[in-house]
1. Restricting the search to the stretch 83-97, which residues are more than 10 Å from the ligand (Cβ to nearest atom), touching a residue at least 40 places away in the same chain (Cβ under 8 Å) and under 18 Å from G176 (Cβ atoms)?
2. From D71, D42, D13, D5, which residue is of a type in the set (D, E) and either modelled with pLDDT of 95 or more or closer than 21 Å to W208 by Cα (or both)?
3. With the checklist (1) over 25 Å from E27 (Cβ atoms); (2) away from the ligand (no atom under 14 Å from the Cβ); (3) not hydroxyl-bearing (S, T, Y) in hand, flag the one item P131 doesn't pass.
4. Only one of these conditions is not met by R75: (1) within 14 Å of the ligand (Cβ to nearest atom); (2) under 17 Å from the mean Cα position of the chain (by Cα); (3) open to solvent by 40 Å² or more (accessible area, probe 1.4 Å); (4) touching a residue at least 24 places away in the same chain (Cβ under 8 Å). Which number is it?
5. Hey, could you check the stretch 82-117 for residues that are open to solvent by less than 10 Å² (accessible area, probe 1.4 Å) and among the polar types (S, T, N, Q) and say which is farthest from E186 (Cα to Cα)?
6. Which condition from (1) open to solvent by 10 Å² or more (accessible area, probe 1.4 Å); (2) touching a strand residue (DSSP E or B) at 6+ places or on another chain (Cβ under 7 Å) is the one that R59 breaks?
7. Return the residues of the stretch 197-215 that are touching a residue at least 24 places away in the same chain (Cβ under 8 Å) and open to solvent by less than 20 Å² (accessible area, probe 1.4 Å); say none if nothing qualifies.
Amino acid sequence: MQLGDLRSEYHQDGLLEENMAANPVDEFKGWLSLAIENALGDWYEPTAMTLATVDSSGRPAARIVLLKEVDGENRFVFFTSYASDKSAELATNPHATLAFYWGQLGRQVRIDGTVEKTDRETSAKYFATRPRSSQLGAVASDQSHVVAGREALEAAMAAAEAKYEGQEVPVPDDWGGYQLTPTRFEFWQGRMNRLHDRIVYQREGEGWKISRLGP
Ligand SMILES: Cc1cc2nc3c(=O)[nH]c(=O)nc-3n(C[C@H](O)[C@H](O)[C@H](O)COP(=O)(O)O)c2cc1C
């Protein structure tokens, strides 16, 4: 089968500028709620988003992370290893893009912004809510670095289990959150006949300017 033959029609109601929330974060929260209500089984992650970064030589990289919070200041928060490649990229270039895809709704949201680390307290608070196995995994894993093999990884996990047996797992120094402050949103809704809707919000002073782009 040719991948180009895999076309789907989109039946979702379209987007009209006058029906969009004045604040894109409110619009986003509505879309995320609908995606969560329409989640497709255990392995489907409605909060999964592609995080794109650029390194110091201008080369892009992208990977999936999970959105954990839209905080009180409308920042998009995710957690990761500060020793990872994405962290090295963000340290030299704080500009990043998030992209959500909710295929069952024919929807995409893209969010551009700048990223900074969350404070230690925010990271510790979230770390405490993680299952113990994930906490130990964060201790054991040297994210984005070469591992000698699966066995070495499992040995590191066993060592972390032994070290913290009967104790709380402390937040690793090289683990924590990032918060992205958005400067631009694009809400994409698939429509019939490929005349898809693309509504963009661009920061303008304290408010947001809304425009429509060709599909
Ligand atoms: C569904 C899904 C969710 C993921 N969530 C996270 C996450 O929240 N944080 C994280 O560091 N990595 C997460 N990962 C792993 C990343 O995609 C990636 O492999 C890892 O962060 C290393 O990326 P880097 O080498 O570019 O830094 C997730 C992967 C998938 C497929």
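1. Correct list: A96 only.
2. Details: D42 fails: either modelled with pLDDT of 95 or more or closer than 21 Å to W208 by Cα (or both); D13 fails: either modelled with pLDDT of 95 or more or closer than 21 Å to W208 by Cα (or both); D5 fails: either modelled with pLDDT of 95 or more or closer than 21 Å to W208 by Cα (or both).
Checking each option against the conditions leaves just D71.
3. Just one mismatch for P131, condition (2).
4. (1)
5. S84
6. Exception for R59: condition (2).
7. If the condition is that a residue be touching a residue at least 24 places away in the same chain (Cβ under 8 Å) and open to solvent by less than 20 Å² (accessible area, probe 1.4 Å), then D197, I199, Y201 are the ones that fit.
Yes/no per residue for (1) within 30 Å of M20 (Cα to Cα); (2) open to solvent by 80 Å² or more (accessible area, probe 1.4 Å); (3) of a type in the set (A, V, I, L, M, F, W, C); (4) in a loop (DSSP other than H, G, I, E, B):
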residue	(1), (2), (3), (4)
S123	no, no, no, no
S134	no, no, no, no
G137	no, no, no, no
Q143	no, no, no, yes
G166	no, yes, no, yes
P172	no, no, no, yes
G176	no, no, no, no
Q179	yes, no, no, no
W188	yes, no, yes, no
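The values are calculated or read from the model by the stated rules, or taken from the named source; none is laboratory data. Just so it is clear, the structure is predicted and the values come from calculations on it, not from any experiment. Please note: Cβ atoms are built from the backbone with ideal geometry, for glycine as well, and neighbour counts cover all protein chains shown. Calculation scope for accessible area: heavy atoms of the full protein, side chains included, ligands and nucleic acids excluded. Shrake-Rupley method; radii C 1.70, N 1.55, O 1.52, S 1.80 Å.
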